[in-house]
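Take a look at the structure set out below.
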Ligand code: PXP
């Protein structure tokens, strides 16, 4: 079974579009509530809940993360920038896992993943701090050999392969090559002892190919599930994705 982490950031995007100025995240007329969405997603079979607490607080707010920590029954995966401030926050929050993601241009590879190679010391510091606190670290990287090999050497137990380049190539002749890159990346990561997750741009159509990647542990999916939930409700949207992820399993 491939596990499903539901990324609920865009529920908060919708709330902030109307209520940012009020400074409120709950109560009164404030909606939609990402924590309620998370609980419904779990009820429908989500194996974990993912949020990205961005330093610009564009969607998820700190208060959301603390409420989630209390409310959910599965695993909380905190996506965060590789900074001392976010590390301090994560050590207080104690999520089940953190996924290090790039937030500024300097930290980003050409493919959009975290440039572990170019930020080795910063990444190592966070991986070690998390390990000491019993928090699993995942690194959101492009499916490139140097990034994968260094992730393994730094002792991050998990990686999340960036599927964005593949997703963007959906109507292009590059698609098979992008899928093959992901396939090779997943195989190499597994061979090096890494747990292989993947995410970004996965939807109800491309999941048919993504699910064929070897050694997949978990997929983190946000935008497509939140979008579908507008029409079908959250529980149906999550159930449908989980079914498509695991056809025949
Ligand atoms: N994984 C990571 C590391 C992300 O930052 C995101 C959000 O961009 C996702 C997965 C989910 O991507 P999407 O919303 O396109 O499904």
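The values are calculated or read from the model by the stated rules, or taken from the named source; none is laboratory data. Being a predicted model, the structure only gives us computed values, none of them experimental. Positions of Cβ are backbone-derived with ideal geometry, glycine not excepted, and every protein chain shown enters the neighbour counts.
Every test in (1) within 22 Å of residue 196 (Cα to Cα); (2) surrounded by 21 or more Cβ atoms within 10 Å (Cβ to Cβ) is passed by residue 128 save one, and that test is (2).
Of the residues making up region 84-111, just one is surrounded by fewer than 17 Cβ atoms within 10 Å (Cβ to Cβ), modelled with pLDDT of 95 or more and either in a strand (DSSP E or B) or within 16 Å of the ligand (Cβ to nearest atom) (or both), namely 96. Within region 73-83, the set of residues being within 12 Å of residue 138 (Cα to Cα) and in a strand (DSSP E or B) comprises 77, 78, 79, 80. The set of residues from region 215-225 being in contact (Cβ under 8 Å) with a residue 24 or more places away in the chain and outside any strand (DSSP E or B) comprises 215, 222, 223, 225. Screening residue 170 against (1) crowded, with 17+ Cβ neighbours inside 10 Å; (2) within 13 Å of the ligand (Cβ to nearest atom); (3) over 19 Å from the mean Cα position of the chain (by Cα) leaves a single unmet condition, (1).
Return yes or no: is residue 202 assigned to a loop (DSSP other than H, G, I, E, B) and within 13 Å of the ligand (Cβ to nearest atom)? Talk me through it step by step, then tell me what you get.
Details: assigned to a loop (DSSP other than H, G, I, E, B): yes; within 13 Å of the ligand (Cβ to nearest atom): yes.
Judged against the criteria, residue 202 is a match.
Candidates 239, 228: the one that is more than 27 Å from residue 150 (Cβ to Cβ) and either more than 14 Å from the ligand (Cβ to nearest atom) or part of a strand (DSSP E or B) (or both) is 239.
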